[in-house]
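The values are calculated or read from the model by the stated rules, or taken from the named source; none is laboratory data. As the structure is a computational prediction, the values presented were derived from the model and not from experiment. So basically every Cβ, Gly included, is an ideal-geometry build from the backbone, and we count neighbours across all protein chains shown. All accessible areas refer to the heavy atoms of the entire protein, side chains included, with ligands and DNA or RNA removed. Shrake-Rupley method; radii C 1.70, N 1.55, O 1.52, S 1.80 Å.
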Amino acid sequence: MIEPFDKPIYFTRPLLPDLTAVTEQLRDVWQSGFLTNNGQKHRELERRLREYLGAPTLSLFVNGMLALSAAVYALKLRGEVITTPFTFPATPNALALAGITPVFADIDPDNLTLDPERIEKLINPSTTAILAVHVFGSLCDVEAVSAIAKRHGLRVIYDAAHAFGARLNGQPIASFGDATMFSFHATKLFHTGEGGALAMTNPDQKISVDYWKNFGIKSEEEVVMVGTNGKMSELQASLGLAVLPLVEGERSRRKKIRSIYREELGEVPGIRFIPDQPNVVHSHQYFVIRIVAKKFGRTRDEVQQSLQHYNVFPRKYFFPLCSNTAPFRHHYSSHPGRLPIANHAVTETLALPYFGALTDEDVRRICSMLRSFARP
Ligand SMILES: *Cc1c(COP(=O)(O)O)cnc(C)c1O
């Protein structure tokens, strides 16, 4: 008999620093009297994150979505941009809001990231860029994407909302492509409640990004472009400074949780994992399994519902597929017949509870529940 949890267990839980660590940061803000506009906490967090991420440049934002829009703006994209349907709506929305048509290419069957082999067929004279997403912590094939972009004179943006601190062959993930976006939403490993950042590879472009997020204002006397308001406040930056020292501890705790999930579920027919990638330092953003209904004897949706009876709330992630949503489903590239792998993957993936406050015992109990649902 497996006991349900007393309190609901969600698929993630924000990393909450000790409140005194937050108030310590806030005390400085109160003393300065500056609540926003590139204040002391903003400058400190920007510098510390640039170092932590090994990013060539970094600009903080009020959220990740606007950081992505800034990249689209700074790289002067237009026409069509090739992207993945297996992502959060922010990715195609940043393109569509700028009047660009997102063109969807199918994904890799194992890593679930944009499949480079599918990109080239979709390139036409209107194509200006590739917007690829690092999914759950698995990295895109950045080398193949760069090679295609180079051949066709395209820009490359990475949505690294799931890849905070990830590295490939020792190289920071923000060192690839023209621009890399990070999200600091509360559900992300490192967060500022709401927040985000953009790493531009070309330092000149950081300058225009910083004007753009401040209404196009260059100085008290000079407005140089049309911009928006994307500034991170001192309150968000203070929270970030209190969260940052906890990130490595959280990451290693998640690593342990991941190994328990893998050990306990590794032999269960019909449960598949996302494979580890060689030479990659994983961000540990999510732990996602795939339920192969034919072998497991239950569908992913049935598994999700059954877990809810035990007070466990995993998430169908990503769901729905962006190419099947109202804003995008009418485009030719969205036809499910053109995206068979992505359309199949969204029926199988399930993000399990994955945060450091889970005990080993909690994780083992969730695994017992999952094993008990199998009907091979
Ligand atoms: C969270 C997320 C975003 C959006 O970031 P916000 O900070 O919430 O605006 C974009 N893309 C992906 C893949 C995400 O998971």
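Restricted to the range 191-206, and to residues that are crowded, with 24+ Cβ neighbours inside 10 Å and among the small types (G, A, S), which residue is farthest from the ligand (Cβ to nearest atom)?
A199
Listed conditions (1) out of contact with any helix residue (DSSP H, G or I) (no Cβ under 6 Å at 6 or more places or on another chain); (2) in a helix (DSSP H, G or I); (3) open to solvent by less than 10 Å² (accessible area, probe 1.4 Å) are all met by A351, apart from (2). Within the range 109-126, the set of residues being open to solvent by 40 Å² or more (accessible area, probe 1.4 Å), in contact (Cβ under 8 Å) with a residue 40 or more places away in the chain and either under 18 Å from C140 (Cα atoms) or in contact with a helix residue (DSSP H, G or I) (Cβ under 8 Å, 6 or more places away or on another chain) (or both) comprises P109, D110.
One residue alone among R27, R48 is touching a residue at least 60 places away in the same chain (Cβ under 8 Å) and of a type in the set (K, R), and that residue is R48. Here L307 fulfils each of the conditions (1) in contact with a strand residue (DSSP E or B) (Cβ under 9 Å, 6 or more places away or on another chain); (2) open to solvent by 10 Å² or more (accessible area, probe 1.4 Å) apart from (2). Note on the range 30-54: residues that are surrounded by 24 or more Cβ atoms within 10 Å (Cβ to Cβ) and more than 16 Å from the ligand (Cβ to nearest atom) total 1.
The set of residues from the range 164-208 being closer than 16 Å to L45 by Cβ and either modelled with pLDDT under 95 or outside any loop (DSSP other than H, G, I, E, B) (or both) comprises A174, F182, S183, G196, A197, L198, A199, K206.
Mind listing just one residue for me: the one in the range 177-190 that is under 17 Å from A55 (Cα atoms) and buried (at least 23 other Cβ atoms within 10 Å of the Cβ) and, of those, nearest to the ligand (Cβ to nearest atom)? Can you show your working first?
Residues of the range 177-190 that are under 17 Å from A55 (Cα atoms), as a first pass: 177-184, 190.
Next cut, buried (at least 23 other Cβ atoms within 10 Å of the Cβ) only: 177, 179-184, 190.
Values: G177: 15, A179: 14, T180: 12, M181: 7, F182: 8, S183: 3, F184: 6, F190: 11 Å.
Out of the qualifying residues, it is S183.
Of all residues in the range 67-94, those that are in contact with a strand residue (DSSP E or B) (Cβ under 7 Å, 6 or more places away or on another chain) and within 26 Å of A242 (Cβ to Cβ) total 3. Taking the range 159-176 as the range and being within 14 Å of the ligand (Cβ to nearest atom) and out of contact with any helix residue (DSSP H, G or I) (no Cβ under 7 Å at 6 or more places or on another chain) as the test, the residues that pass are H162, F164, I173. Which of the residues belonging to the range 286-304 are under 15 Å from A345 (Cβ atoms), touching a helix residue (DSSP H, G or I) at 6+ places or on another chain (Cβ under 7 Å) and open to solvent by 50 Å² or more (accessible area, probe 1.4 Å)? Residue satisfying the conditions is T299 alone.
Is it the case that F328 is outside any helix (DSSP H, G or I), touching a Ser or Thr at 6+ places or on another chain (Cβ under 8 Å) and closer than 27 Å to H191 by Cβ? No: the conditions fail for F328.
Of all residues in the range 245-274, which are small (G, A, S), open to solvent by 30 Å² or more (accessible area, probe 1.4 Å) and farther than 15 Å from Y354 by Cα? Show your work before the answer.
Looking only at the range 245-274, we keep the residues that are small (G, A, S), and these are 249, 252, 259, 266, 270.
Filter once more, keeping what is open to solvent by 30 Å² or more (accessible area, probe 1.4 Å): 249, 252, 259, 266.
If the condition is that a residue be small (G, A, S), open to solvent by 30 Å² or more (accessible area, probe 1.4 Å) and farther than 15 Å from Y354 by Cα, then G266 is the only one that fits.
Note on the range 58-140: enclosed helices (runs of 4 or more DSSP H) holding 2 or more residues that are within 16 Å of the ligand (Cβ to nearest atom) are 64-74, 90-96.
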